[in-house]
Amino acid sequence: MQTLLRWFTAIAVTLLLCFAAVGAWLYYWPVAGYDRASAAAFTPATEGDANATGCLPKLHVYTVEELRPQFPALRAAEGDPTDGHYTVQLARILSCPDASQKTFVRQMRELRLAAHLRRQFTREEQMTMFLNVVYFSDEQRGIDAAAKSFFNQTPLQIDTAKRALLAGLIARPAYSSVLQHPDHALQRRNEVLQRMREQGMLSGSAWRRARAEPLLGKR
């Protein structure tokens, strides 16, 4: 009986050590290429093109200060950044998903990178990185490409209605395609505007003006 108890104790201790090792690897072991020193790849101090990661095309990226006006619409569309939603999606994008990898292995890599990003970057930096590389719709990746393609403007020039539209595209880019399903895109934009109004981000007059604007505004 005592021998059996010792075996169970040894197995339990071994499992605990394994879980501790996996937890340390996931949440504390640094991921090369995504530290403060490499932050310029995502939120550069000066304008210019930068390769955010090897599996993505060359994207024009913006700073936290430049994209801060987009944050309210993004929060209304995607939820509060405190829940880690952006970080998980960002990690999935940056980890360059490989279809040949087993799902479990891929998910472990994404979890590890997400934990690393939370430690290394502020929430606003994570939101900025997310906007710079996320897919919107109609073959437009990154907020720079999307704003220029849909509105013929940079992200620094777009108004509230356009910000709401871009934020609304992220969750279901195919369904809300600006070019293929403009009615869905308009409905989604108005949903985001409504949430912004309910959350106190927009006054009544600003909300009415934004809702009255055509889907793509004046080009």
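Every read-out reported here was derived from the displayed coordinates using simple, explicitly stated rules and does not represent laboratory data. If you're wondering where the values come from, they're calculated on a predicted model, not measured in any experiment. Because the Cβ atoms are built from the backbone with ideal geometry, glycine has one as well, and the counts that use them run over all protein chains shown.
Structure values in brief
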item	result
Qualifying residue in region 141-159 (condition: surrounded by fewer than 20 Cβ atoms within 10 Å (Cβ to Cβ) and basic (Lys, Arg))	yes
Count of residues meeting criterion [among the small types (Gly, Ala, Ser), surrounded by fewer than 22 Cβ atoms within 10 Å (Cβ to Cβ) and closer than 17 Å to LEU74 by Cα] in region 160-176	1
